Amino acid sequence: MNYALIGCGRISPNHIAAALKNSLTIKAVCDVKRERMSELLEKFELDSSNINLYLDYKEMLKNEKIDLVAIATESGLHAEIALYCIEKGIHCIIEKPMAMNMKDAQKICDLAKEKNVVVCANHQNRFNKSIQKIHEAMKAGMFGKMLHGTAHVKWNRNKGYYDQASWRGTWDNDGGCLMNQCIHNIDLLRWMMQDEVDEVLAYTDNLKHDYIQAEDLGMALVKFKNGAYGIIEGTVNVYPSNLEETLYLFGDKGTVKAGGKSVNIIEEWCFKDDTSKPEDIKLKYSENPENIYGFGHNPLYADVIRAISTHTKPLVDAEAGKRALELVLAIYQSAYLGKPVKLPLSIDVSSTDFFDMFSKKGVD
């Protein structure tokens with residue numbers, strides 16, 4: 001299966017590693033900076049004579065026969081590039097967030113169905129051993145009645161991080177900590193609670209990053225249609241470095257906590273009707289990755305290849321990507337309006353609606 005990567009920045013090594021692990025034929029890479037492409041190929045000791053480098057993704061797709069493309073550019077370009085690829089019948093893995101507005105997200109979903117193209121939103125933490133085991137328990141009804149769940153991302157991002165790319169922290173190309181750093185855990189919370197959200201009430205603020213437009217702190221209360229509640233806490237203000245990413249789930253017959261660098265360790269496992277030993281579960285289904293990106297890219301790629309080969313849906317399809325985006329945008333809208341927001345959101349809601357969220361802070 002012929003593969004190409006568009007965008008060779010911070011997350012690109014995970015994509016190349018997953019492509020190689022899954023025996024994809026890397027035909028080309030594309031980036032606006034040639035040196036980044038060269039450095040990426042050198043990192044993996046790939047023969048540049050067999051892999052073409054492009055500064056323009058449209059030119060790349062004109063010249064190369066590509067079956068699967070991964071889109072890892074700045075967030076504001078994800079939808080534009082994805083729609084172009086889907087129109088040409090090319091399967092897509094789209095880095096989070098899938099789009100920056102509901103209209104583009106819906107277009108991606110609709111066009112993927114029309115063109116019979118597999119589209120995967122790159123929420124790789126769904127493939128953590130810990131998360132797979134917890135979701136299995138949820139599907140089996142082991143939690144009983146789900147009562148509430150909480151998603152926490154307590155990280156640090158300093159000025160050096162934002163200075164690496166001018167699009168970071170902007171409303172049109174990135175959003176703040178909820179859209180960028182926290183959307184994976186937001187996706188997991190919604191997935192574990194069976195997706196359907198009724199209402200969101202939120203606060204966001206920019207407390208110490210006055211050089212970006214968007215939030216560095218977000219807190220939300222979520223009411224799900226099944227009667228359960230959710231709490232979301234996201235920040236990049238933790239001193240002095242990343243502290244934790246955790247997911248708690250509470251039912252009337254079960255309690256689980258996933259923690260570690262990216263919810264890849266089961267720290268609590270307690271169920272009324274479970275005969276297994278909690279310590280055995282914790283040991284078997286926990287991992288210790290070297291960074292926050294975890295080990296999820298490899299199985300995500302394998303799942304996409306399976307979906308393409310069997311003409312079925314991937315685990316994290318375009319609709320899943322749209323739902324994660326919708327919840328983040330609902331949090332923004334609630335914070336902006338100062339009142340609860342009902343879901344589903346209007347198709348017209350966009351991150352750019354909130355340019356003056358912190359009108360006295362950030363970039364004009």
**Request:** Give the relative contact order (percent, whole number) for the range 250-291; include only Cα pairs under 8 Å separated by 6+ residues.
**Result:** 36
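Inverting the mean 1/r over all pairs of different Cα atoms, compute the Kirkwood radius of the range 158-289 and quote it in Å.
On the way: mean 1/r = 0.0603 Å⁻¹.
Value: 16.6 Å, from the Cα pair sum.
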**Request:** For the range 18-24, take each phi angle, set θ = phi - 60°, evaluate the Karplus expression 6.51 cos²θ - 1.76 cosθ + 1.60, and give the result in whole Hz per residue in order, putting x for glycine and proline.
**Result:** 5, 4, 5, 4, 9, 6, 7
**Asked** Given Asn288, Ile331, Ile308, which one lies farthest toward the positive end of the charge dipole of the range 253-364, if we put +1 on the Cβ of every Lys and Arg and -1 on the Cβ of every Asp and Glu?
**Response** Ile331
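Suppose only helical runs count, i.e. DSSP H with n ≥ 4. What mean residue ellipticity at 222 nm does that imply for the chain under -39500 (n - 2.57) per run, divided by all residues and rounded to the nearest 500 deg cm²/dmol? Mind showing how you got there, number by number?
Values: 11 runs with 118 residues, N = 364.
Roughly -9500 deg cm²/dmol at 222 nm, from the helical runs in the chain.
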**Message:** What three numbers, in Å, describe the spread of the alpha carbons of the range 164-234 along their principal axes, ordered from the longest?
**Reply:** 41, 19, 16
**Message:** If packing is taken as the average count of other Cβ atoms within 10 Å, what order do 1-7, 112-118, 64-70 fall into, highest mean first?
**Reply:** 1-7, 64-70, 112-118
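How high is the relative contact order of the range 1-120, in percent, with contacts defined as C-alpha pairs under 8 Å that are six or more residues apart? Mind showing how you got there, number by number?
Details: 202 pairs, mean separation 29.4, N = 120.
Normalised by residue count, the contact order of the range 1-120 is 25 percent.
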**Cα-based convex hull, the chain, per residue volume (Å³, whole number)** = 134
**Request:** Using the Karplus curve 6.51 cos²θ - 1.76 cosθ + 1.60 with θ = phi - 60°, work out ³J(HN,Hα) for each residue of the range 40-51 in order, rounded to whole Hz, and write x for Gly and Pro.
**Result:** 5, 5, 5, 4, 9, 6, 8, 6, 5, 6, 9, 10
**Asked** Cα-based Rg (one decimal) and Dmax (whole number) for the range 1-157, in Å?
**Response** 17.7, 58
**Asked** Pairs Lys103/Lys154; Lys223/Lys261; Lys253/Lys282; Lys96/Lys129; Lys43/Lys129: which are spaced more than 22 Å apart, C-alpha to C-alpha?
**Response** Lys103/Lys154; Lys223/Lys261; Lys43/Lys129
**Message:** Need the C-alpha centroid separation for the range 169-190 versus the range 79-123, integer Å.
**Reply:** 18
**Item:** Net charge dipole size for the chain [Lys, Arg +1 and Asp, Glu -1 on Cβ; Debye, nearest 20]
**Value:** 580
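Thinking of the range 147-189 as a set of Cα atoms, what percent of all their pairs are more than 11 Å apart? Could you put the intermediate results ahead of the total?
On the way: 623 of 903 pairs.
Pairs farther apart than 11 Å: 69 percent.
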**Message:** If you split all Cα-Cα distances of the range 314-364 into 5 Å bins from zero, what percentages do you get per bin, shortest first?
**Reply:** 4, 18, 26, 20, 14, 10, 5, 2, 0
**Prompt:** Out of Leu111, His152, Ala140, whose Cα points farthest toward the positive end of the dipole of the chain (charges: +1 Lys, Arg; -1 Asp, Glu; placed on Cβ)?
**Reply:** Ala140
**Request:** Sort out for me the Cα centre separation of the range 13-71 from the range 259-324, rounded to whole Å.
**Result:** 27
**Alpha carbon convex hull of the range 245-364, volume per residue in cubic angstrom** = 206
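Computed from the coordinates by the stated procedures, all read-outs in this text should not be read as laboratory data. Keep in mind that what you see is a predicted model, and the values were worked out from it rather than measured. A quick note on method: Cβ atoms are made from the backbone with ideal geometry, for glycine too, and the neighbour counts reach across all protein chains shown.
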